Every structure is written in structure tokens, then in C-alpha cells.
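In what follows, a structure is listed as C-alpha cells, so that the remarks can point back to it.
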Amino acid sequence: MNLFRSGEHIQRWLAGREPGATIPVEKLSELAHAWWEDRLSPRWRPHTADSNQAILDRLGLTGDFWRLPSS
Amino acid sequence: MNEDDLELRNLTYARFVELGRAPTAAEMAVAADRDRAEALAGWQRLHAEHALVLDLATGDITMANPFSGVATAYRVQAGGRWWYGNCAWDAFGICAALHQEGRIETYCPDCGQSIEIAVRNQHPDDASLLFHCLVPAARWWDDIVFT
């Protein structure tokens, strides 16, 4: 899970491997804030797979690649 | 996750932030008023539930996501400290977890050129960068260190 300077850099880094998913860094920040914002709360409870999937879905990260295993 | 393990998990995260690094099992035993073996056994259960990641050989915390217990390529300045994130996602996650603006320093894995990002009001200041996730979500925990 890395940051790259451009799509060309990703392609070169993959070196023929099957690509995963690429999203803009702005979307990544949005995802990270939704995913981790409660992590230090004293009221934190484990996220369910459904709640995590809902975060991905809400951000448009859908399809087989972004499908979490059910818990 | 039972209530005792949840309490240990929350204390572990709180201690991580207080110290600016991963606490040891001995430190957590004191903080949680348990003996070291009990603290370590609790961490092992939390590891099995993906609530943190241990080096099972040493009992040290490798990841208390989004924080890393070991040095990585993702350095984050936030809340008056430097931290390590486990990956690009977690680097932003440190700002999110601390509810702080921050600065991320890393490098492009392809060309090695440095990348520096300021995160203000949850937004990165360089929108040209791309995030690539190689492993599908269904397999993230098959090998979380590789992921």
C-alpha cells in the first residue's frame, strides 16, 4: 500500500505483476479518516466487516477487489 | 473480544500515544495491573483477532494500526511527535486517529524520489499523487506485513 508520483511510476514498479487498485491520494485521505478516526477513542469497539465494507462502499470503492471477507 | 481484552487493547493504544512508541509487555503489565504473562496472553488473543500485530517470536508489538511499532518508509509528524505508519493508508490514519493535522514523509517506491505531504483539515496538499493497493481486500490479513 504505497504512494507513487504517477501512474507511469506504478506501472514501472509493478514490472509485469498484475496491478491491484489505484486511487487518488485525496480519496486515500478520505478513506483513512473514515477508517481510523475512532481508533483512540476510549469507547472504541471492533469494527464489523459490514461496517468496514460500508465505509468502502460509501467512498465508491466497490467491486471484487474491495470486497472484504465476511467475519 | 471480551471486556478484559478490550480494556487491554484500549490501554495499549493509549500507552502507545503517551510514549510515542509501542509499549512493552512489561510496561503494559504495570499499566493494566496484570502480570507480564497475562498481558502477553491478552496481546496474543488481540493479535488473533487482528486488533494488533505481534512479533510472535519476541512478543513485541509490530503494528497497532495505524501506528507501526517498527521503523518504516512512512514517517508522520503529528501531535508534536514523529510516528511511523505501516503503509500510506496508515500514514494518513495516524493524522485521523490523533485528530491532528500532520506531515507525511516517504518516497516513491519506483524512483526513490522523496514525497512530502502536508495534511490539513483532512486533505493532502499534493493532489497529484496516487495510492496503489496491490493485494485485494479479501487477502489483506493473509500476510498483513506484506499487504
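The values are calculated or read from the model by the stated rules, or taken from the named source; none is laboratory data. Note that this is a predicted model, so its numbers are computed, not measured. Cβ placement follows ideal geometry from the backbone for every residue including glycine, while neighbour counts extend to all protein chains displayed. Surface areas here come from the heavy atoms of the whole protein model, side chains and all, with no ligands, DNA or RNA. Shrake-Rupley method; radii C 1.70, N 1.55, O 1.52, S 1.80 Å.
A count restricted to segment A:53-71 and to residues that are modelled with pLDDT of 95 or more and farther than 18 Å from B:LEU134 by Cβ stands at 8. Taking the condition of being part of a helix (DSSP H, G or I), open to solvent by 40 Å² or more (accessible area, probe 1.4 Å) and more than 7 Å from chain A (Cβ to nearest Cβ), how many residues in segment B:86-140 meet it? Residues that pass the stated criteria total 1.
Answer yes or no as to whether B:ARG21 is within 27 Å of B:GLU116 (Cβ to Cβ), surrounded by fewer than 20 Cβ atoms within 10 Å (Cβ to Cβ), among the charged types (D, E, K, R) and within 14 Å of chain A (Cβ to nearest Cβ). Judged against the criteria, B:ARG21 is not a match.
When the criteria are applied in full, A:LEU14 meets the requirement of being open to solvent by less than 50 Å² (accessible area, probe 1.4 Å) and more than 7 Å from chain B (Cβ to nearest Cβ). Checked against the criteria, B:ASN65 counts as at negative phi, surrounded by 18 or more Cβ atoms within 10 Å (Cβ to Cβ) and not hydrophobic (A, V, I, L, M, F, W, C). Count of segment A:38-71 residues, restricted to those that are more than 10 Å from every other protein chain (Cβ to nearest Cβ), among the acidic types (Asp, Glu) and either open to solvent by less than 70 Å² (accessible area, probe 1.4 Å) or in contact with a Pro (Cβ under 6 Å, 6 or more places away or on another chain) (or both), is 1.
Scanning segment B:24-52 for residues that are under 24 Å from B:ASN86 (Cα atoms), hydrophobic (A, V, I, L, M, F, W, C) and surrounded by fewer than 20 Cβ atoms within 10 Å (Cβ to Cβ) yields B:ALA26, B:LEU40, B:ALA41, B:ALA48. Say we look at segment B:7-29 and pick out the residues that are touching a helix residue (DSSP H, G or I) at 6+ places or on another chain (Cβ under 8 Å) and basic (Lys, Arg); which of these is farthest from B:VAL53 (Cα to Cα)? Among residues in segment B:7-29 that are touching a helix residue (DSSP H, G or I) at 6+ places or on another chain (Cβ under 8 Å) and basic (Lys, Arg), the one farthest from B:VAL53 (Cα to Cα) is B:ARG15.
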